[in-house]
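Scroll down for the structure; my scribbles are underneath it.
What follows is calculated from the coordinates using simple rules that are stated; it is not laboratory data. It should be emphasised that the depicted structure is a prediction, and the values quoted were computed from it without experimental measurement. Note that each Cβ is placed from the backbone with ideal geometry, even for glycine, and that neighbours are counted across all protein chains shown.
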Amino acid sequence: MTVEDSLHELETASYFGVLRYPRSYTNLLYVFLTFPIGLTFFIYTWVCLPLFIGLSVFVIVLPILYLFLWTLPRLVLVIGYLTELFVGLPVPIKDDIPKEIVGSFFTKALNALKDKRIGKSLVYSMFLALPYGTFVFSIMTFLLSLSGALIAMPIVFAVQYTQSILPVDWIDWMIAHISLGGLIPIMIVAFLLGIGLFPVVLQISNKLAIFHARMLQNALVK
């Protein structure tokens, strides 16, 4: 099986065109899931692998070490199914995941470890999943918060100006130092900037989600 090389439909979507694709919003949710996914893989690999390697002098631990390595591509495959659901990129079928059933235990273990998918899944789990998830979570949280804050600014300002019930210091300062004629254009510009920034958020989340999906694809093919 090879990784799909054709462009995803959202990679060629226009600036405002991303707003009409339902998958743009599932991608937005998906990129926020990359952080807990990455954290789970990081803890699983960095706790289990050193522990089992350290205890591998005891022969009884070797089957557990093999079982740990055997689970890695299958765990990545589970996330691959989630990726297929949210992002829409296919993943290798279950039968394509290595499963050696011929020979002794050590023969099967050796043959399994020769499969590149185990090594790539290990590299993804130990070194890529958490840093990528942290980066994506941070940048998307910032951009989404910025867009939401700009859109909400006129509403918050109107409530504070008319009711004075919200303890918003920066609005109180603006009301005290800027005339109403100057504040209204500022609020309008802030609102329009927030609206204009939201397609940017979707464009970025689409690209980050698709990149992560293809990273998983590559981890699951020979």
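Cβ crowding within 10 Å ranks W70, W46 as W46, W70, fewest other Cβ atoms first. Each of F191, F58, F41, F135 has some number of other Cβ atoms within 10 Å of its Cβ, and from fewest to most they run F58, F135, F191, F41. Cβ crowding within 10 Å ranks L72, L183 as L183, L72, fewest other Cβ atoms first.
Estimated at 0.36 nm per residue, the fully extended path between K114 and S56 surpasses their Cα-Cα distance by 19.0 nm.
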